[in-house]
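Each remark here refers to the structure printed beneath this line.
The values are calculated or read from the model by the stated rules, or taken from the named source; none is laboratory data. Remember, predicted model here, so these are calculated numbers, not experimental data. Positions of Cβ are backbone-derived with ideal geometry, glycine not excepted, and every protein chain shown enters the neighbour counts.
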Amino acid sequence: MGVDGRQRRVTGFAAMIGLIVHLTALILPSPAAAAGAPGTATAAGPQAAPPPPASTPAATAEVRVEGSHILVNNEVFEVRGAAGAGRLDLLAGLGATTIRTYGGDPGPILDAAQKAGLKVIAGLWLSHPRLGADYADPAFVERQLAEFRATVEKYRDHPALLMWGIGNEVEVDLADDSKVWPEVERVAALVRRLDPAHPTLAVLAELGEGKVARLKAAAPSIQVLGVNSYGDALLSLPARARQAGWTAPLLVTEMGALGQWQAATTPWGAPFEPSSTQKAIQLRRYLAALKAGGAGPFPFLWGQKQEVTPSWHSLFLTTGEWTEALESMAENWGGQAPGGNHAPRIATLVVAGNESAPFGSWRLGSTGEVRIKAVDPDGDPLAAHWSIREESTARSVGGDPEVVPPAHPEGLKSGDLDGAVVSGLPIGHYRLFVEIRDGRGAAATANLPLEIHDRPD
C-alpha cells in the first residue's frame, strides 16, 4: 500500500455514517448470492502392481497482451482475484482466477495456485528509496538484478505463472520520483529478455499528476498497469487511467472500501474504521464499477495484518474467520462464499445514551457502555468477542509493518451480543473492538475509538 499519489480526501464522519442507511437492504444476501491397476500373481507369490506412469507436466501457458486484454492460450483471460497468499482453494471458489504476490520466492504459491486452478502475478520486490535503497550504487543495483534474474530463470516455465509484477509503489513518499522509473525499466527489460512469454506489470500508488506519462516515457517495457486505489477513487479509476493515456490492460492491484488516510478522525487523530458490513457494501459498488470499466480487481488483503487496526485491511480475522467482503467478491465473480454460508451483519455499534456520538468519551473513574445490533442471514447462533487496545500511533507509509498495540483486558467489565461495559482504564486513547462469529467460519467486525480523560464535566 502507499499514500503518496493517492487522493488524500478526508471523508466527513457524516458521509461514513450515511453508509448505514444501506444496511437494511444488505442484512440479507442478494438472491444472486443465494483406483490403480491390480498386480499379477506368479508361483513365487503376488507381485506388486507396476508404478503408474509419471504424469505429464502441465504445459506453460502462452500469455500475451492484445489491446486492453490479457490473452491466455489465445483466449481473453479475466484477471481478478486478491492480493496476498494462502487458502487458494477458497479464493478459487469465489470465482477468482488469479492471486497477486509482492516478492520473495514464488515457488510455493505457484505450486499451490496450480493445484487450485489459479494463475499468479509473481511479484519482484523493488527496494524503495524511501527505505534506503540507493539506485546510484552500481553494486546494489547489480545484486538486486541478479536476484531477479535467478527468480525469473527458475520459474518462467511454471504453468501457473501469469505475469511478473515489477515493484509495488516504489515511487511512494519521494519528492522527486524521476530516479525510480529508469530502474523499473531496467528490471522490466531484463524480465522481457529472459521471459518474453509472460507480460510485465508495474504497480503505482494511485495515478497522481502525470505519473502514468512518466512511467510510459521511462519504462516502455511495462505492458500492464497496476494501480493501488481505495474508496470512492475506485469509481473513476478506469476512466482516469484511460484519460492519462493508458490503453493497455489495467489492473487494480490493491483495493479496499476506505483507506485510513481518507477517513474522518477523532480530535486526537484516530481514523474511523467502517464495520465489515459497511466495507462489504462499498466493495460491491466498487467491484461493479471496475467490471464496467474493464479493470481487473484485487481486494486487499487476502490474509490478515495490523495496519491502524488488525481488521482495517484484513479479509480474515487473526483466528481465520472470513468476513462479508468475500461474499461481495463471489457475487461479482459468479462464485460462492465458503460452504454457501453468509457472514454475520453488524447494523449499529453506538455509545449507550448518546447514539449519535462518533466515539466514546468518558471521565476517569466513570463507566461507559456501548450497544450493538448484529444479525445472521442464515439464522446461525452468534457469539461476541470484545477487546480493548491502546490506539495505534503508527501511521506507516506504503503498508510498512506495524506493531499491534497493547491490550487492556482490565478495562472490559462485560461484553455480549447486546453490548459491552468499559471501566477502570487510565487516561488515554483506546479502541474497543468487537468480533461477531457464526460458528461456521464467518465473522463480522467493528470498533469504536475511546478516550478516558480528566476534564471537568
Residue list for segment 175-184, restricted to those being modelled with pLDDT of 95 or more and part of a loop (DSSP other than H, G, I, E, B): none
- prompt: Quick one: residue 443 ticks every box in (1) touching a strand residue (DSSP E or B) at 6+ places or on another chain (Cβ under 9 Å); (2) part of a loop (DSSP other than H, G, I, E, B) bar one, so which box is it?
  reply: (2)
- line: Residue hits (segment 110-126; out of contact with any Phe, Trp or Tyr (no Cβ under 7 Å at 6 or more places or on another chain) and either at pLDDT below 95 or buried (at least 21 other Cβ atoms within 10 Å of the Cβ) (or both)) are 113, 118, 119, 120, 121, 126
- prompt: Among the residues of segment 290-313, which ones are in contact with a helix residue (DSSP H, G or I) (Cβ under 7 Å, 6 or more places away or on another chain), surrounded by fewer than 19 Cβ atoms within 10 Å (Cβ to Cβ) and outside any loop (DSSP other than H, G, I, E, B)?
  reply: 291
- prompt: Of (1) part of a loop (DSSP other than H, G, I, E, B); (2) surrounded by 14 or more Cβ atoms within 10 Å (Cβ to Cβ); (3) at negative phi, residue 384 satisfies all except one. Which?
  reply: (1)
Exclusive hit being of a type in the set (A, V, I, L, M) and closer than 14 Å to residue 332 by Cβ, set 288, 241, 264: 288
- request: Return only the number of the condition from (1) within 21 Å of residue 434 (Cβ to Cβ); (2) modelled with pLDDT under 95 that residue 375 does not satisfy.
  value: (2)
statement: Log entry, pairs with first residue in segment 203-230 being at pLDDT 95 or above, second being assigned to a loop (DSSP other than H, G, I, E, B) and β-branched (Val, Ile, Thr), beta carbons closer than 6 Å, six or more apart or on different chains, reads 205/172
Test: residue 277 is at pLDDT 95 or above, hydroxyl-bearing (Ser, Thr, Tyr) and in a loop (DSSP other than H, G, I, E, B): no
task: Starting from residues that are of a type outside the set (A, V, I, L, M) and part of a strand (DSSP E or B), keep the ones in segment 80-127 and report whichever is nearest to residue 325 (Cα to Cα).
output: 81
statement: Considering residues that are assigned to a loop (DSSP other than H, G, I, E, B) and of a type in the set (Gly, Ala, Ser), the number found within segment 224-271 is 10
message: Among the residues of segment 273-284, are any among the small types (Gly, Ala, Ser), over 13 Å from residue 230 (Cα atoms) and either in the same structural domain as residue 85 (by TED's automatic domain parsing) or surrounded by fewer than 23 Cβ atoms within 10 Å (Cβ to Cβ) (or both)?
response: no
- request: Return the total of residues in segment 371-421 being among the aliphatic types (A, V, I, L, M) and more than 22 Å from residue 306 (Cβ to Cβ).
  value: 7
- prompt: Would you pick out the residues in segment 246-271 that are surrounded by fewer than 20 Cβ atoms within 10 Å (Cβ to Cβ) and either farther than 19 Å from residue 431 by Cβ or of a type in the set (D, E, K, R) (or both)?
  reply: 247, 248
query: What residue, of 172, 187, is surrounded by 20 or more Cβ atoms within 10 Å (Cβ to Cβ) and part of a loop (DSSP other than H, G, I, E, B)?
result: 172
- prompt: Taking the stated definitions as given, is residue 151 buried (at least 17 other Cβ atoms within 10 Å of the Cβ), closer than 23 Å to residue 193 by Cβ, more than 23 Å from the chain's Cα centre (by Cα) and assigned by TED's automatic domain parsing to the domain that holds residue 211?
  reply: yes
- prompt: Considering segment 400-426 alone, what residues qualify as being part of a loop (DSSP other than H, G, I, E, B) and under 19 Å from residue 357 (Cβ atoms)?
  reply: 418, 425
field: Long-range neighbours under 6 Å by Cβ, at least six apart or interchain, first residue closer than 26 Å to residue 79 by Cβ within segment 319-345, second acidic (Asp, Glu) and outside any loop (DSSP other than H, G, I, E, B)
entry: 337/327
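Here's the yes/no breakdown for (1) touching a Ser or Thr at 6+ places or on another chain (Cβ under 7 Å); (2) of a type in the set (Asp, Glu); (3) surrounded by fewer than 17 Cβ atoms within 10 Å (Cβ to Cβ); (4) outside the structural domain of residue 415 (by TED's automatic domain parsing):
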{"position": "331", "(1), (2), (3), (4)": "yes, yes, no, yes"}
{"position": "334", "(1), (2), (3), (4)": "no, no, yes, yes"}
{"position": "339", "(1), (2), (3), (4)": "no, no, yes, yes"}
{"position": "355", "(1), (2), (3), (4)": "no, yes, yes, no"}
{"position": "361", "(1), (2), (3), (4)": "no, no, no, no"}
{"position": "374", "(1), (2), (3), (4)": "no, no, no, no"}
